[in-house]
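A quick write-up on the structure given underneath.
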Amino acid sequence: MTNPVLVEVLRGDHVESAHRGSLAVFDADGQSVWEFGDTARPVFPRSAVKAIQALPLVESGAADAYGFGDRELALACASHGGEIAHAELARSMLARAGLDEAALECGSHWPSNHDATIALARAGKSPNSLHNNCSGKHSGFICTCANSGIDHRGYVDAGHKLQQMVREAMEDLTGATHGSDNRATDGCSIPTYAVPLRNLAVGFARMATGQGLSSTRAKAAKRLFAACMAEPFYVAGTGKADTALMEAAPGRIFVKTGAEGVYCAAVPELGLGIALKCDDGTGRAAEVMIATVLSRLLRSDEALAATLDRQANPPIKSRIGVEVGSVRPTAALLEPGR
């Protein structure tokens, strides 16, 4: 099945690039609300499922034991920009468990936030694991281990007790098997599993509604979503699409990007989960796709829809700031009734 073109890149009035993709919008009962393309094809959600992976942190009692509030929980679900506030909060989370960045097994890289990278370089410093965009998630993993009496060493391995807890949560939410046959390794070294978009969409609808979950898991899911929506800066950071989308509708939209053009999201007031992928892995095209879907779902709020529409049609500017083109959703993605 060939997925439809859902996003176009224009230079002047001419289409310069086109991006194919697929998307699924489902409710917690597993009913399809809106689909494009091959939503049954397994994809690696990568970082888009961090909120589900953070469930053991809350369910185990670790979050309460270490006094974590919304910011810490948001960072546990984050792909952050490595800004000072992000790195220092991850350091604080580890310190509450009596550990430091040496416990992290995610590796290090320069911050994706430009200003943070420049500040580090000017100070003559190199990045450490706290600057890794996944350090909040990994800090949450380690704290879960520490509070549960589990040796945190090797926590990234598929056979580790922590990853077994994460895998159980993923299977419970999505209804999809997470086994060795569909497993690979994510950029931060933890296992990632290829799952159909429609299963991911159902999983995020269940996170948003608690439907089909135990009372403990439903409360944990609600708490994690609420934390992310209350503290969107800690989910991503300055200039990041996830932060901008959640700031556009405080408490109403949850979104989380993943590598290679994946997005997962939920609209709690509608009880809907969303999962999508840009086939060629282009992040800016995936951002247009998710903003467009959210705009359509929340069309009854004209002011919010207009804000989301602007985010779904970002301009392309030259090096001197002149607008020379745009990125836009195609007519297919905007077609009424689909």
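The values are calculated or read from the model by the stated rules, or taken from the named source; none is laboratory data. Worth saying up front: this structure is predicted, and the values here are computed from it rather than measured. Quick reminder, even Gly has a Cβ in these numbers, built from the backbone with ideal geometry, and neighbours come from all protein chains shown. The area values use the complete protein model at the heavy-atom level, side chains included, leaving out ligands, DNA and RNA. Shrake-Rupley method; radii C 1.70, N 1.55, O 1.52, S 1.80 Å.
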TODO: Towards the positive end of the charge dipole of the chain, with charges on Cβ (+1 Lys, Arg; -1 Asp, Glu), say which of 214, 110, 249 has the farthest Cα.
DONE: 110
TODO: Give the label of the value calculated from the structure for percent of Cα pairs over 37 Å apart, choosing from (i) 17; (ii) 14; (iii) 23.
DONE: (ii)
Task: Percent RCO, i.e. relative contact order, over region 5-95, from Cα pairs under 8 Å lying at least 6 residues apart - done: 15
- [ ] Report, to the nearest whole %, how much of the accessible area of region 5-334 belongs to carbon and sulfur atoms, 1.4 Å probe, protein only.
- [x] 47
Task: Calculated FRET efficiency for the pair residue 320/residue 14, C-beta based, R₀ 25 Å, to 0.05 - done: 0.75
Task: Mean Cβ neighbour count within 10 Å, used as a protection proxy, ranking 318-329, 12-23 highest first - done: 12-23, 318-329
Task: Cα-based radius of gyration of region 120-231 once divided by 2.2 N^0.38 Å, which approximates compact folds - done: 1.22
Task: In Hz, Karplus ³J(HN,Hα) per residue of region 185-195 (6.51, -1.76, 1.60; θ = phi - 60°; x = Gly, Pro) - done: 10, 6, x, 9, 5, 7, x, 10, 10, 6, 9
TODO: Would you mind putting 199-206, 304-311 in packing order, based on average other-beta-carbon counts within 10 Å, highest first?
DONE: 199-206, 304-311
Task: Accessible area expressed per residue, the chain, with surrounding protein chains retained (probe 1.4 Å, Å²) - done: 40
Open item on the list: Which one, 267, 315, 132, projects farthest toward the positive side of the charge dipole computed for the chain from Cβ point charges (K/R +1, D/E -1)?
Closed with: 132
TODO: Take the alpha-carbon centre of region 7-81, take the same for region 194-271, and report the distance between them in whole Å.
DONE: 7
Task: Only Lys, Arg (+1) and Asp, Glu (-1) charged, at Cβ; region 269-331 dipole about Cα centre in debye - done: 220
Task: Over the chain: helical MRE at 222 nm, DSSP H runs n ≥ 4 each giving -39500 (n - 2.57), nearest 500 - done: -11500 deg cm²/dmol
TODO: Considering Cα pairs under 8 angstrom that are at least six residues apart, work out the relative contact order of region 5-334 and quote it in whole percent.
DONE: 25
Open item on the list: Set the bar at 31 Å for Cα to Cα. Now go through 125/161; 137/317; 219/277; 125/277; 50/317 and name every pair that lies beyond it.
Closed with: 125/161; 137/317; 125/277; 50/317
Open item on the list: Defining a contact as two alpha carbons under 8 Å apart and six or more residues distant in sequence, what relative contact order in percent does region 175-289 show?
Closed with: 22
TODO: Excluding residues fewer than 8 places away in the same chain, name every one of the aspartates and glutamates whose C-alpha is closer than 17 Å to that of residue 256.
DONE: 70, 72, 186, 231, 242, 247, 287
Task: Cα-based shape type of region 7-163, given that a ≥ b ≥ c are square roots of the gyration tensor eigenvalues and the cut on a/c is 1.5 - done: oblate
TODO: Provide the FRET efficiency to the nearest 0.05 for the residue 110-residue 280 pair, computing r from the beta carbons and using R0 = 25 Å.
DONE: 0.50
- [ ] Could you order 302, 171 by accessible surface area, starting with the largest, using a probe radius of 1.4 Å?
- [x] 302, 171
Task: Anisotropy class of region 177-279 from Cα gyration tensor, a/c 1.5 cut - done: oblate
